[in-house]
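Asker: Have a look at this one before I ask anything.
The values are calculated or read from the model by the stated rules, or taken from the named source; none is laboratory data. As the structure is a computational prediction, the values presented were derived from the model and not from experiment. All Cβ positions, glycine included, derive from the backbone under ideal geometry; neighbour counts span all protein chains shown.
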Amino acid sequence: MATNERYKLHLKEIPQGEFEEVYRLDDDFFRERSGFELLGGEVFIKLHGVRTCDVYEVFFTLDGEVDTLCTRCENRLRYPLKGEFHMVIKLGAENSSDEDEEIIVSRDNPTLSIDDLLYSFVVLSMPLRRVHPAGECDQEVEKYLNQQEETIPHNPFEALLHSTNFDTE
């Protein structure tokens, strides 16, 4: 996976106090990665932070849309995306990330590649079930699923009752 220079934080260059940066994740960004059903999209990530000495408290705010697959009909779906994440980045003796919300970056090489981090934020902002609005799924799949729903009994014990020889009197 290639690391793009535009998705790097050069920590020593960030001035003390508040700082802000905006990143745009586009189709090319998502095409470079695999493993999750993200086919493209456009997501803006606003990074707002405060630097105090060698500690950077950073907030990431995501807003945009991604192209993914509908979990019902498996056709392409444009899905709106919003999310917020918090991280603490510290300069230390060596790189480390033992905690979920804290990263330690070596003082010898104070550059943090955040492309994988940004991708993770997008994935974590996605629900497990992503479906088209009612009536927009593939018609053949809708028809099949509706037929399946008709054959499933509403009482989960009804099928069991008919499959045994219980005397109901």
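Asker: Would you check which residues across region 1-39 are among the small types (Gly, Ala, Ser) and modelled with pLDDT of 95 or more and list them?
Answerer: The answer is Gly17, and nothing else.
Asker: Sort through Ser120, Ser106, Ser125 and tell me the only one that's closer than 16 Å to Leu38 by Cβ and without any contact (Cβ under 8 Å) to a residue 24 or more places away in the chain.
Answerer: Ser120
Asker: Kindly list the number of the only condition in (1) in contact with a strand residue (DSSP E or B) (Cβ under 6 Å, 6 or more places away or on another chain); (2) surrounded by 13 or more Cβ atoms within 10 Å (Cβ to Cβ); (3) farther than 18 Å from Leu11 by Cβ that fails for Lys82.
Answerer: Tallying (1) in contact with a strand residue (DSSP E or B) (Cβ under 6 Å, 6 or more places away or on another chain); (2) surrounded by 13 or more Cβ atoms within 10 Å (Cβ to Cβ); (3) farther than 18 Å from Leu11 by Cβ, Lys82 fails exactly one: (2).
Asker: Looking at (1) surrounded by 13 or more Cβ atoms within 10 Å (Cβ to Cβ); (2) in contact (Cβ under 8 Å) with a residue 60 or more places away in the chain, find the lone condition where His10 falls short.
Answerer: His10 satisfies every listed condition except (1).
Asker: Test Glu57 against the criterion of being of a type in the set (D, E, K, R), out of contact with any Phe, Trp or Tyr (no Cβ under 9 Å at 6 or more places or on another chain), at pLDDT 95 or above and not in a loop (DSSP other than H, G, I, E, B), and give yes or no.
Answerer: In short, yes.
Asker: Between Leu128, Leu145, Leu160, which is of a type in the set (A, V, I, L, M, F, W, C) and modelled with pLDDT of 75 or more?
Answerer: Leu128
Asker: With respect to Glu84, is the statement that it is touching a Ser or Thr at 6+ places or on another chain (Cβ under 8 Å), more than 20 Å from Gly35 (Cβ to Cβ) and free of Cβ contacts under 8 Å to residues at least 40 places away in the same chain true?
Answerer: So Glu84 passes the test.
Asker: What pairs come out if I take residues in region 55-79 that are surrounded by fewer than 17 Cβ atoms within 10 Å (Cβ to Cβ) and pair them with residues that are of a type in the set (Ser, Thr, Tyr) and in a loop (DSSP other than H, G, I, E, B) whose C-beta lies under 7 Å away, six or more apart or interchain?
Answerer: Taking only residues 6 or more apart or on different chains, not a single pair turns up.
Asker: I want to confirm something. Restricting to region 111-141 and keeping residues that are part of a loop (DSSP other than H, G, I, E, B) and under 13 Å from the mean Cα position of the chain (by Cα), which single residue is surrounded by the fewest Cβ atoms within 10 Å (Cβ to Cβ)?
Answerer: Among them, the one singled out is Leu128.
Asker: For Gln147, which of the numbered conditions (1) without any contact (Cβ under 8 Å) to a residue 40 or more places away in the chain; (2) under 19 Å from the mean Cα position of the chain (by Cα) fails to hold?
Answerer: Among (1) without any contact (Cβ under 8 Å) to a residue 40 or more places away in the chain; (2) under 19 Å from the mean Cα position of the chain (by Cα), Gln147 violates only (2).
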